[in-house]
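Input: a single structure, listed below in structure tokens.
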Amino acid sequence: MTTTERILSARKALETLTPLRGDCGRKCGAACCHPDEDGNGGMLLFPSEEALYDPCPGWARLTPSKDFPGQYLFTCDGTCERAMRPLACRIFPLTPRVRGGKLSIELDVRAWPVCPLMEYGVEGMDCAFAAAVREAAAFLWEDERCRAYLEALSEYLSQFERF
């Protein structure tokens, strides 16, 4: 199975699930869907996921990531075709993390400024959503490129915890 096929499978598993039963974006005005005031920001695509946006839809743009060479940021205009959401959007505000060589899912430290669900923790989210994120992460962990990405992402996220 290719990396892109794994990404598609993970996305499919999270197609209809959200952190809350229903559209959690209604609680916060879809804060995670909007770029910052400078038009920057976005979601970091998983390895090979950029191929799924060729051509890129008119409501979004891809830019090379400064922090992850070879990876891309996906920035939308605040609206999207839900079926085209990147995997990072589908799992938000959770993220896979590698600690001591073991994979888990955790709250994404980068979500604190925009996501009101953070204060409730994983336990405050729909358990089917959390389980699907765990399964998707474990499935991606089996792929060499995704494993390397998840290790690099975990190291990157550790920088935010040092402050």
The answer for chymotrypsin sites (Phe, Trp or Tyr not before Pro) in the range 42-75 that fall in a DSSP coil and have at most 14 neighbouring Cβ atoms within 10 Å is Trp59
In the range 82-163, what GluC sites (Glu not before Pro) fall in a loop by DSSP, with at most 13 other Cβ atoms inside 10 Å? Glu142
How much accessible surface does Phe160 have with a 1.4 Å probe, in Å² rounded to 10? 90
Going through the range 34-117, which trypsin sites (Lys or Arg not before Pro) have at most 11 other Cβ atoms within 10 Å and a DSSP loop state? Lys66
From the mean inverse distance of alpha carbon pairs (Kirkwood) and the Cα radius of gyration, derive Rg over Rh for the chain. 0.92
From phi via Karplus (6.51, -1.76, 1.60), per-residue ³J(HN,Hα) for the range 57-70 in Hz, x at Gly/Pro: x, x, 8, 8, 8, 10, 9, x, 6, 6, 8, 10, x, x
Relative contact order of the range 77-116 (C-alpha contacts under 8 Å, at least 6 apart) in percent is 29
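The values are calculated or read from the model by the stated rules, or taken from the named source; none is laboratory data. Here the structure is a predicted model, which is why all the values come from computation and not from measurement. Because the Cβ atoms are built from the backbone with ideal geometry, glycine has one as well, and the counts that use them run over all protein chains shown. These accessible areas exclude ligands, DNA and RNA; they are computed on the full protein's heavy atoms, side chains included. Shrake-Rupley method; radii C 1.70, N 1.55, O 1.52, S 1.80 Å.
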